[in-house]
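Worksheet: one structure, shown below.
The values are calculated or read from the model by the stated rules, or taken from the named source; none is laboratory data. None of these values were measured; they are calculated from a predicted model. Reconstructed Cβ throughout: ideal geometry from the backbone, glycine too, with neighbour counts over all protein chains shown. Ligands, DNA and RNA are excluded from the accessible area calculation, which covers all protein heavy atoms including side chains. Shrake-Rupley method; radii C 1.70, N 1.55, O 1.52, S 1.80 Å.
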Amino acid sequence: MSALMDLIAGDQAAILTSISTDDLGAFADPTRFAAHLSLGPGLDPTWLDLFSEAARSVTGGSEPMNFLDARRELDGPNAGVPGRTIELVDSRWVEAIARLSDHDVLSVAGRWLDLIDEEFGDLPREEKPWIRQLAGEVVRFCRSAQRAPDVLFAWSL
């Protein structure tokens with residue numbers, strides 16, 4: 001089983017099938033999935049809470065909600081993929097991130113880095129360009145994912 005920390009947009013059943021068969025390469029197929037973002041196995045999921053906080057700080061708004069509050073575990077027999085946590089992401093979180101202007105993305109990335117440093121200690125200098133790039137990728141993912149029927153957050157430790 002591959003390490004996983006991904007956001008995937010598309011049909012929930014198709015996403016779950018790809019995860020349960022460990023066919024993670026299928027997520028790159030835009031004819032099957034509206035959007036996919038691999039966050040890498042080393043990212044702490046709470047970093048997306050900090051991303052949400054950074055977006056609120058930059059825009060002065062009340063959205064997006066914290067990522068922790070924007071997700072809920074799936075119910076039912078198909079949801080329980082052994083060794084994985086799979087959660088449905090609230091469309092309001094996706095839409096709020098998608099509405100960030102291109103102009104604000106750099107400011108959000110900078111604020112996000114500040115919040116990560118405050119929460120977890122100073123990041124190594126070589127990690128910071130990756131985090132700035134990831135901020136833009138999160139926004140691009142959400143823009144592509146807006147019209148998808150489902151957005152799932154799938155991860156394993």
Next on the checklist: Can you pull out every residue in the range 108-157 that is among the hydroxyl-bearing types (Ser, Thr, Tyr) and assigned to a helix (DSSP H, G or I)?
Outcome noted: 144
Checklist entry - Which residue, of 62, 57, 101, is free of Cβ contacts under 8 Å to residues at least 12 places away in the same chain and more than 18 Å from residue 145 (Cα to Cα)? => result 62
Checklist entry - Does the range 1-46 hold any residues that are closer than 21 Å to residue 91 by Cβ, touching a residue at least 60 places away in the same chain (Cβ under 8 Å) and part of a helix (DSSP H, G or I), and which are they? => result 12, 13, 15, 16, 19
Checklist outcome for this item: Among the residues of the range 48-78, the number that are surrounded by 20 or more Cβ atoms within 10 Å (Cβ to Cβ) and in a helix (DSSP H, G or I) is 8
Checklist entry - Assuming residue 81 fulfils every condition listed in (1) open to solvent by less than 70 Å² (accessible area, probe 1.4 Å); (2) part of a helix (DSSP H, G or I) apart from one, which condition is it? => result (2)
Checklist entry - Say we look at the range 128-148 and pick out the residues that are out of contact with any helix residue (DSSP H, G or I) (no Cβ under 7 Å at 6 or more places or on another chain) and of a type outside the set (S, T, N, Q); which of these is farthest from residue 8 (Cα to Cα)? => result 129
Checklist entry - What pairs can you find where one residue is in the range 133-146 and basic (Lys, Arg), the other is in a helix (DSSP H, G or I), and their Cβ atoms are less than 6 Å apart, with a gap of 6+ or different chains? => result 143/98
